[in-house]
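First the structure, in the form of structure tokens, and then the observations on it.
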Amino acid sequence: MFTVVRRYLRGPGPDEKDFSVRLVHAIAASVIFDCLYLIVAGPWLISQFTETEGAARPAALEAPRATGLVVLVLAVGIPALTAVICHTGFRKGRWPFMLAERRHSTPTAWDHAATTRAGCYVRVYTSDGKWVGGYLPEKAGFVATYPEPRDIFIPQQWTMSPTGEFLSQVEGTLGIYVPLTGPERVEWVAHGPDPTVPAA
């Protein structure tokens, strides 16, 4: 839970792209938290799961709701809160009132920008020196983000001039898929030809 919340807040680091690395981090965090719990409240925790003389079952089973709350706090609440505190910084001289700005959790600029653009035109200068593009309606286009390779699906393809102007909608278009694997340039355009005008 600690590593999941921390990764959500700060974004994936360069050493966390491999699942085995993330697994090692999670195991290490679990061991540290378990050791701290045993140091702080070890005797009490053990007593809750050990049958005492004359008792039919361990104390933890006598009060299942309280046990569930304790497990929720120890396994979820404290690790998540610790991750938030570790991620939060404070401006020098003004602690604890002013939070310092931290690195955005989005892995790349593409992940942040591409997923918020819709209801506009988009054009791509491809690696072979040509322009492709079209209109990207609200909730109709698709973009792939981290950890998948970048690509974009434009539902309404337009013919493009050699200099990147939108000429007319391609007749019968069902969209165009554009992989972005190298030096392609993507530009979103707020205003352009009316996408409702039929192809010439």
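Can you find a residue that is modelled with pLDDT of 80 or more and more than 15 Å from ARG185 (Cα to Cα) anywhere in the stretch 86-99? Among the residues of the stretch 86-99, not one is modelled with pLDDT of 80 or more and more than 15 Å from ARG185 (Cα to Cα), which makes the answer no.
Only one entry in GLY54, GLY42 is open to solvent by 80 Å² or more (accessible area, probe 1.4 Å), over 30 Å from MET160 (Cα atoms) and modelled with pLDDT under 85, namely GLY54.
Of the residues screened, GLY133 is one that is part of a strand (DSSP E or B) and in contact (Cβ under 8 Å) with a residue 12 or more places away in the chain. Pairs linking a residue in the stretch 26-37 that is over 16 Å from CYS86 (Cβ atoms) to a residue that is surrounded by 13 or more Cβ atoms within 10 Å (Cβ to Cβ), with Cβ atoms under 7 Å and 6 or more positions apart or on different chains, are TYR37/LEU45; TYR37/LEU74. The residues of the stretch 137-166 that are more than 13 Å from VAL186 (Cα to Cα), in contact (Cβ under 8 Å) with a residue 12 or more places away in the chain and either open to solvent by 80 Å² or more (accessible area, probe 1.4 Å) or within 23 Å of the chain's Cα centre (by Cα) (or both), listed by number, are GLU138, LYS139, ALA140, GLY141, THR145, TYR146, PRO147, PRO149, PRO162, THR163. Here's a check for you: in the stretch 110-136, which residue that is open to solvent by 70 Å² or more (accessible area, probe 1.4 Å) and not hydroxyl-bearing (Ser, Thr, Tyr) is farthest from TRP188 (Cα to Cα)? For the stretch 110-136, the residue satisfying everything is ASP128. Among the residues of the stretch 171-180, those that are in contact with a strand residue (DSSP E or B) (Cβ under 8 Å, 6 or more places away or on another chain) and open to solvent by 40 Å² or more (accessible area, probe 1.4 Å) comprise TYR177, PRO179. Just one of the numbered conditions (1) assigned to a loop (DSSP other than H, G, I, E, B); (2) under 14 Å from TRP188 (Cβ atoms); (3) not small (Gly, Ala, Ser) is not true of GLU171: (2). Summed over the stretch 142-155, residues that are outside any strand (DSSP E or B) and either at pLDDT below 80 or over 19 Å from GLY192 (Cα atoms) (or both) total 6.
The values are calculated or read from the model by the stated rules, or taken from the named source; none is laboratory data. Owing to the predicted nature of the structure, the values given are computational and were not obtained by experimental measurement. Note that we place each Cβ from the backbone using ideal geometry, even for glycine, and neighbour counts take in every protein chain shown. SASA here: full protein model, heavy atoms, side chains in, ligands and nucleic acids out. Shrake-Rupley method; radii C 1.70, N 1.55, O 1.52, S 1.80 Å.
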